[in-house]
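Reading through the structure tokens given below for one structure.
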Amino acid sequence: MHLLAIGTRKGLWLATSEDRKSWSLSGPHHAMTEVYAIAIDARRDRPKLLVGTSSSHFGPTVVTSDDLGATWDEPDHAPIAFPEDASLERVWQLALTPDPEVVYAGTQPSALFRSEDGGRTFSLVEGLWKHPHREQWGAGFGGQAIHTVLPDPDDPQRLTVAMSTGGVYRTFDGGASWEASNTGIKAYFLPDPYPEFGQCVHKVSRHPSRPERLFLQNHHGVYRSDDSGETWTSIADGLPADFGFAMVNHPHKPDVIYNFPLAADGDRFPPEGKCAVYRSPDAGASWEALRNGLPDGFWTAVMRDAMCTDTATPAGVYFGSRSGEVYGSADEGESWQKIAEHLPDVVCVRAAEV
Amino acid sequence: MRVLVLIPGPLRQTTGNQAKLEIDLPESATLGALLDHLATRYPLLDRRLRDERADLRRYVNFYVDGEECRRLSGSDTELTPNTEVQILPSVAGG
């Protein structure tokens, strides 16, 4: 069965399908909570859903389900809590690792947490929290948050994180020490457009079979790194615009990536209002528009975690909009169908075979 | 002394569906002390009412005998015998 989890500003919806053509939708789960972070651990005997929710009244938490959302479990203790001088506002990212019990969470305010019990209890990664740059990290419109967490698939000591604004940071020692990793990424809104840190990175992605190659959507600018983030070069040529939020890897083809361009910072719509996913077959050297089944008059946007792929063959690609529509492709983006509409703003989608 | 705590519907799953809690506290206990006491019995309720710094959540109101605690002394508001503390989510969101 195929599972598509849809996080919105007012709850979680779960779509299931046997053939990725006909979908059944359930929800809202956790109604009236923002769902910015979802992970689906399909490696377990019983697939496990991990969901970060945040209620404007009652605060943030992490809930889990091992029966595909029929029931939910939440510990009495706060799964993620700052030890002293801050309070958790939102969970932006839940990242699985090769070890099923080790899960990372990226949060607002900008911090990284690590769980060694499958997401039930997290501990602050002190090395990043105490980084001397932290007091200079800024808040993008969405807040100051670690929104991207990329554990290295081969080396548990290596992680890459990204934030708006602050940029990309890497650790090679399991989180004890971190270095900014933004060489070549432009921050056009700063007096020095190429600072050590302070970039407004929107999303970073990579394929697990090629962990040294990273793809990045910036606040204007689309980049690739072939040296684990040491340096970045533009791959924006061929796209209609270099603004956007999403960046997604194909699950099986390391050089295939997906992007959803928006016209500009000051014009946050698809160019000409034409809904289009762009795919590069060659790691960003060229791009093609994928529009078969997608509408015109699409005066909305796709947020940083609102596009994903599944793990099937051929690969499925999915995205949701701020206007509450969810589209899916069962043929790697060649054609699209609407899976859901009239939902609240979609801020996160995740898909898996379960 | 005994005080009465009224739990709003959305939070009753954290109190075993109890809408009213009668709590015994030392004389002159504060609202904060009441919440500390509740935290030991109903930790999930406490997480909904306060963050990890024990700050009251911004959009949850605590009426102490009809007066919202932020117009009194917040968590330091002193309670008296038979005080009624009504917890109500504020009007917020869209």
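We did not get these values from a lab; they are worked out from the coordinates using the rules stated. These numbers were taken from a predicted model, which means no experiment stands behind them. Heads up, the Cβs are rebuilt from the backbone with ideal geometry, glycines too, and the neighbour counts pull from every protein chain shown.
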Whole-angstrom gap from segment A:91-164 to segment A:267-285, using each part's C-alpha centre: 28
Rounded to whole Å, sorted largest first: equivalent-ellipsoid semi-axes of segment A:2-353, Cα gyration tensor: 27, 26, 19
Three-way shape call for segment A:36-180 based on the alpha-carbon gyration tensor, with the a/c threshold at 1.5: oblate
Neighbour-count ranking [beta-carbon atoms within 10 angstrom, fewest first] of A:GLU325, A:GLU89, A:GLU334, A:GLU18: A:GLU18, A:GLU334, A:GLU89, A:GLU325
Relative packing of peptides A:184-196, B:43-55 - highest average C-beta neighbours within 10 Å first: B:43-55, A:184-196
Size of chain B as Cα extents on the principal axes (Å, biggest first): 40, 30, 24
16 Å tail of the calculated P(r), segment A:234-354, as % of Cα pairs: 56
Cross-link pairs beyond the 23 Å C-alpha cut-off, checked among A:LYS274/A:LYS338; A:LYS10/A:LYS130; A:LYS10/A:LYS338: A:LYS10/A:LYS130
A:SER280, A:SER164 arranged by Cβ crowding within 10 Å, fewest neighbours leading: A:SER280, A:SER164
Peptide-level mean, for B:48-61, of C-beta atoms on other protein chains within 10 Å: 4
Shielding by partners, peptide A:66-75 (average Cβ within 10 angstrom, other chains): 1
Per principal axis, descending, Cα span of segment A:1-111 in whole Å: 49, 32, 24
Inter-centroid distance (Cα atoms) of segment B:7-39 relative to segment A:169-219, Å: 46
Percent RCO, i.e. relative contact order, over segment A:2-353, from Cα pairs under 8 Å lying at least 6 residues apart: 12
Sorted peptide list for A:78-87, A:105-114, criterion being average Cβ within 10 angstrom, highest first: A:105-114, A:78-87
Partner lysines for A:LYS203 [C-alpha distance under 16 Å; skip if fewer than 8 residues away on the same chain]: A:LYS186
Neighbour-count ranking [beta-carbon atoms within 10 angstrom, fewest first] of A:VAL248, B:VAL60: B:VAL60, A:VAL248
